[in-house]
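Trainee: My structure is below; once you've seen it, I'll send some questions.
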Amino acid sequence: MKKTLLSTFIACLIYGLAFGQQSQSTDDPFYYQVAGLVYVKEFNAVTRAKTITQKIPKEPLKFKIVSKETDATDNSTYYVVQFLNIADETGNAIAAVAALKSSTTFINSDDNNKFYWIRKDELDNYMTNDFVKKSYRIPNLSPTYGANISLPFKLRPKTGGQNIKITPDLTLGGYLGARWRLSHKDPFYLSFPVVSLGLSTLTINDNNNSSTTNKGDGTVLGITGSWGAVFQLKDFQFGLIMGWDRAAGELGKDWIYNDKPWYSFSIGFSFLGNNADKDKEK
């Protein structure tokens, strides 16, 4: 029995080391935001032709990439872009741009619904020098899911004559949740709700199981489920989790904590795995 449980746990541990740090999430939609001196040129959407008419978008205008094109003459790559509707924006900075109506130098409210083009290497250089930055849309909701190995310290309330206990249980499982972006520029998220299910090592002894008098103490595998909320500030994460365990086998059937709630305040580095931002061009 113990050899079988040990073999099962080792197999799960190997699986977790190989795949346990994987996590997935959908791409966060974003716009590009002007933060310095930038030049763009008008693009004829009817003839699909680039022009040499140049204009300057003022801070903090935002634009989106409409398409990625290749210039057949020199095989260079450029983007067709469109600025967000100026007249629909609010705030003094945007109002100042709208006040440039009819300007031939700066992008203004007359340019709504027009298209422009910019070379890919130029945009890359603007972003490298922080003249253009990504502005992620919020509030933005996306699913997140994956698998991980964790060592939560579970606070188990008083039950079965036992006082409050705190137990560290190694857990291998998968999670599924809803992720809310909290910042336009930084990878700050709230994952709520987060639901997980997996396997956990559970300690059985004569204090928490009356049957151990005849069967001995030991560690058994059990099924663990939980839900809660996790904040992620770049790679630093903390969260509040509530869960339930059920011990397996003959040794675990009389465990006093079966199906009883536990609570865990988790804090650390990459609690849900590496959820690095994934960028989209459109």
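Trainee: Rg and Dmax of the stretch 162-251, Cα atoms, in Å?
Mentor: 17.3, 60
Trainee: Turning to a different aspect of this structure: Can you give the direction-averaged projected area of the convex hull of the alpha-carbon atoms in the stretch 75-141, in nm²? Mind showing how you got there, number by number?
Mentor: Details: hull surface 25.9 nm².
With every direction weighted equally, the projected area is 6.5 nm².
Trainee: Quick check on packing: order 133-141, 113-121 by the mean number of other C-beta atoms within 10 Å, highest mean leading.
Mentor: The packing order, highest mean first, is 113-121, 133-141.
Trainee: With a 1.4 Å probe and every protein chain kept in, tell me what percent of the accessible surface of the stretch 152-199 is carbon plus sulfur.
Mentor: Answer for the stretch 152-199 is 72 percent, counting heavy atoms of protein chains only.
Trainee: Report the rotationally averaged projected area of the stretch 108-233 based on its alpha-carbon convex hull, in square nanometres.
Mentor: Hull-based average projected area comes out at 12.5 nm².
Trainee: For Leu182, which sequence-distant residues (separation of 5 or more, or a different chain) have an amide H within less than 5 Å of its own amide H, given hydrogens modelled in the peptide plane?
Mentor: Here the answer is Phe188, Tyr189, Leu190, since their amide H atoms fall under 5 Å of that of Leu182.
Trainee: Starting from the amide H of Phe30, placed 1.01 Å from N in the peptide plane, find each other amide H under 5 Å away whose residue is 5 or more places distant or on another chain.
Mentor: Amide H neighbours of Phe30, under 5 Å, 5+ apart: Arg137.
Trainee: Average projected area of the Cα convex hull of the stretch 34-176, in nm²?
Mentor: 15.3
Trainee: Given the pairs Lys133/Lys234; Lys41/Lys64; Lys154/Lys260; Lys185/Lys234; Lys50/Lys185; Lys55/Lys185, which span a C-alpha to C-alpha distance of over 20 angstrom in this model?
Mentor: Distance filter (> 20 Å) returns Lys50/Lys185; Lys55/Lys185.
Trainee: A further question on this structure: Quick one: 3J(HN,Hα) in Hz for the stretch 155-165, Karplus 6.51/-1.76/1.60 with θ = phi - 60°, rounded, Gly and Pro as x.
Mentor: After applying 6.51 cos²θ - 1.76 cosθ + 1.60, I find 8, 9, x, 4, 7, x, x, 9, 6, 4, 10 Hz.
The values are calculated or read from the model by the stated rules, or taken from the named source; none is laboratory data. Note that this is a predicted model, so its numbers are computed, not measured. Neighbour counts are summed over all protein chains in view; Cβ atoms, including those assigned to glycine, are modelled from backbone coordinates with ideal geometry. All accessible areas refer to the heavy atoms of the entire protein, side chains included, with ligands and DNA or RNA removed. Shrake-Rupley method; radii C 1.70, N 1.55, O 1.52, S 1.80 Å.
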